[in-house]
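Beneath this line is the structure, given in structure tokens, with notes to follow.
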Amino acid sequence: MTQDLIDRPTFLYALAGATLIPASRAGTAASGLGALIERELARLPGPHGAAVAISKNRSRTLAIRLNSSLVFLAGSAFKIFVLTRFLQMVERGEASLGQLLSVDESVLVPGSPALFPDGKTITLRGALPARIVAQLMIDYSDNTATDMMLKLVGPDSVRSLIAGAGLTSVKIPDSIRRFFTYSSGYPASFEPPLTVFTEGKEIPGIVQGPARDTLNDAETTCGSLDDYATFYRLADSSAFFRKAATLTLWRALTLSTLNARIVPLGSVAYTKGGSVDGNGATSALLAAGRMYTGPQHIVDYAIATNWHTKQPVSEIEPAFVEVCGKILKAASLA
């Protein structure tokens with residue numbers, strides 16, 4: 001699983017008939033923005049899509065959707081749900097920002113630029129405060145930090161949050177470790193030891209079958225662009241939190257480095273991106289968030305491309321970042 005598009009370790013490893021649906025009173029603004037979105041997405045491999053909704057003065061003024069109800073592989077973008085569930089637990093006294101989470105062989109996984117940089121040599125053992133782990137999960141998109149947080153909150157509790165919000169298309173893995181090993185052909189119930197990644201050793205009694213697609217029904221990270229954009233609207237509207245301070249912290253933790261790559265200068269956005277190098281299986285780039293271009297001008301968005309060739313993320317990413325930037329700049333002016 002790659003990190004937020006850019007500062008990325010690799011998240012190692014259908015859509016026909018685009019539909020453009022403007023809001024009821026879209027007019028010229030919808031026509032122009034819709035045409036730009038369609039034109040820019042055409043630069044990316046398919047399937048691709050976008051969900052962009054603009055609100056002014058607390059009223060939805062424009063909604064443009066292109067393949068937005070289709071399910072896309074999402075990569076690390078799912079980590080926003082884990083963060084939200086963790087902060088809910090903190091708010092309810094079920095966890096604390098300062099509690100120490102163990103860094104050990106049970107959670108180390110490749111794709112961890114902060115906690116397990118080369119994916120082979122263990123350079124760090126001990127414990128970190130949960131708030132630091134949450135920051136590493138979002139800003140660095142560190143996979144080890146993510147599995148540490150999933151171990152704390154429990155994947156099923158995250159799924160309950162997702163289901164309660166009505167995000168029926170969204171799926172998350174039990175852990176990133178299991179995502180990797182299931183895609184590699186191991187059983188879904190297999191709890192992989194670290195040596196699977198560091199040494200590639202066979203496990204006695206465990207049969208590794210053919211590789212599976214990264215977009216599957218058991219261990220994956222996926223969702224529709226409509227659901228991802230809706231989640232950010234709900235979260236930023238405090239639908240998941242009881243206290244204003246919790247929402248403030250959620251916002252602070254989601255001011256990721258992705259913003260500098262795709263959000264126009266002068267705007268503020270709460271974002272998370274993700275990417276997957278499928279190497280012939282489904283590969284993905286996805287960015288989602290909520291952007292403020294002014295106190296009364298808000299853009300909820302999710303943009304993605306999936307492809308099924310061996311073309312690596314590194315070759316698609318520059319165009320994807322540029323496409324996202326152009327769409328968001330246009331949306332900020334609409």
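So that you can scan it fast, the table gives a plain yes or no per residue for (1) open to solvent by 40 Å² or more (accessible area, probe 1.4 Å); (2) closer than 16 Å to Lys79 by Cβ:
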residue: Glu199; (1), (2): yes, no
residue: Thr220; (1), (2): no, yes
residue: Tyr228; (1), (2): no, yes
residue: Leu253; (1), (2): no, yes
residue: Arg261; (1), (2): yes, no
residue: Pro264; (1), (2): no, no
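Count of the range 145-174 residues, restricted to those that are touching a helix residue (DSSP H, G or I) at 6+ places or on another chain (Cβ under 6 Å), open to solvent by 20 Å² or more (accessible area, probe 1.4 Å) and closer than 24 Å to Val196 by Cβ, is 1. Screening the range 178-197 for residues that are of a type in the set (S, T, N, Q) and over 23 Å from the mean Cα position of the chain (by Cα) and picking the one that is surrounded by the most Cβ atoms within 10 Å (Cβ to Cβ) gives Thr195.
Listed by position, the helices (runs of 4 or more DSSP H) inside the range 141-194 whose residues that are closer than 25 Å to Ile122 by Cα number at least 3 are 143-153, 176-183. Could you grab me the full set of residues in the range 118-139 that are out of contact with any strand residue (DSSP E or B) (no Cβ under 8 Å at 6 or more places or on another chain), surrounded by 17 or more Cβ atoms within 10 Å (Cβ to Cβ) and at pLDDT below 95? Across the range 118-139, the qualifying residue is only Asp139.
Give the residue that is surrounded by the fewest Cβ atoms within 10 Å (Cβ to Cβ), with candidates limited to residues of the range 80-117 that are part of a strand (DSSP E or B) and in contact with a Ser or Thr (Cβ under 9 Å, 6 or more places away or on another chain). Filtering first and then ranking leaves Val103.
Pairing residues of the range 53-66 that are of a type in the set (Ser, Thr, Tyr) with residues that are in a loop (DSSP other than H, G, I, E, B) and buried (at least 17 other Cβ atoms within 10 Å of the Cβ), at Cβ distances under 9 Å and at least 6 apart in sequence or on separate chains, gives Thr61/Ala26; Thr61/Ala334.
Of all residues in the range 292-302, one or more are within 20 Å of Gly32 (Cα to Cα), among the small types (Gly, Ala, Ser), open to solvent by less than 10 Å² (accessible area, probe 1.4 Å) and at pLDDT 95 or above.
Just one residue in the set Ala288, Ala284 is under 20 Å from the mean Cα position of the chain (by Cα), within 23 Å of Arg85 (Cα to Cα) and either open to solvent by 10 Å² or more (accessible area, probe 1.4 Å) or of a type in the set (A, V, I, L, M, F, W, C) (or both); that residue is Ala288. Checking each residue in the range 58-93 for being closer than 15 Å to Asp236 by Cα and touching a Cys at 6+ places or on another chain (Cβ under 8 Å) picks out no residue at all. Annotation: Val207 fulfils all but one of (1) farther than 13 Å from Phe81 by Cβ; (2) surrounded by 13 or more Cβ atoms within 10 Å (Cβ to Cβ); the unmet one is (2). The numbered conditions (1) under 17 Å from Thr221 (Cβ atoms); (2) part of a loop (DSSP other than H, G, I, E, B) are all true for Ala77 except (2).
The values are calculated or read from the model by the stated rules, or taken from the named source; none is laboratory data. Worth saying up front: this structure is predicted, and the values here are computed from it rather than measured. Because the Cβ atoms are built from the backbone with ideal geometry, glycine has one as well, and the counts that use them run over all protein chains shown. We work out accessible area using only protein heavy atoms, side chains counted, and drop any ligands, DNA or RNA first. Shrake-Rupley method; radii C 1.70, N 1.55, O 1.52, S 1.80 Å.
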